[in-house]
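No value in this document is a laboratory result; all are computed from the given coordinates. Note that the coordinates shown come from a computational prediction; the quantities given were computed from them, not determined experimentally. Reconstructed Cβ throughout: ideal geometry from the backbone, glycine too, with neighbour counts over all protein chains shown.
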Amino acid sequence: MKRLLLMSTMMLLSLPAFAGEETWKNVAMVDVACSSKVKADPDAHTKACAQQCQKSGFGIVTSDGTFLKFDENGNKEALSTLKEEKKADHIRVTVTGEREGEMIKVKSVKL
């Protein structure tokens, strides 16, 4: 009985570490300044524009059209990823992090 109670407690304590993390796969990454302008067709947004507007920060446009802004770490990850991108537009990424309202506390951004 004590073992069962101990194991149950350990499982419950480990849940918060995994509960908030999400992954958004193959989503369009755009800068904050252009997010409302390109919402209808985020794939047409160019790499050059995103680099020019990088000071506004970055985020993703989800499949339902919601724009989720990145935290400071996410902006750094996005800029690094953007520099690796070879395409001129249609910038698609996979983002892992924790959503807090309309913002993502980003763990990783990958092409």
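Restricting to region 40-64, name every residue that is of a type in the set (Gly, Ala, Ser) and outside any loop (DSSP other than H, G, I, E, B). Those that are of a type in the set (Gly, Ala, Ser) and outside any loop (DSSP other than H, G, I, E, B): Ala44, Ala48, Ala50, Ser56, Gly59.
Select, from Lys83, Lys37, Lys87, the only residue that is outside any loop (DSSP other than H, G, I, E, B), of a type in the set (Lys, Arg) and out of contact with any Phe, Trp or Tyr (no Cβ under 7 Å at 6 or more places or on another chain).
Going through Lys83, Lys37, Lys87 in turn, the sole match is Lys83.
A residue that is surrounded by fewer than 22 Cβ atoms within 10 Å (Cβ to Cβ) and closer than 15 Å to Gly20 by Cα occurs nowhere in region 78-89. Being in a strand (DSSP E or B) and within 13 Å of the chain's Cα centre (by Cα) is a property that Lys69 has. Sub-6 Å Cβ pairs linking a first residue in region 19-40 that is closer than 20 Å to Lys83 by Cα and touching a residue at least 24 places away in the same chain (Cβ under 8 Å) to a second residue that is of a type in the set (A, V, I, L, M) and in a loop (DSSP other than H, G, I, E, B), at least 6 apart or interchain, are Met29/Ile91; Val30/Val38, ordered by first then second residue.
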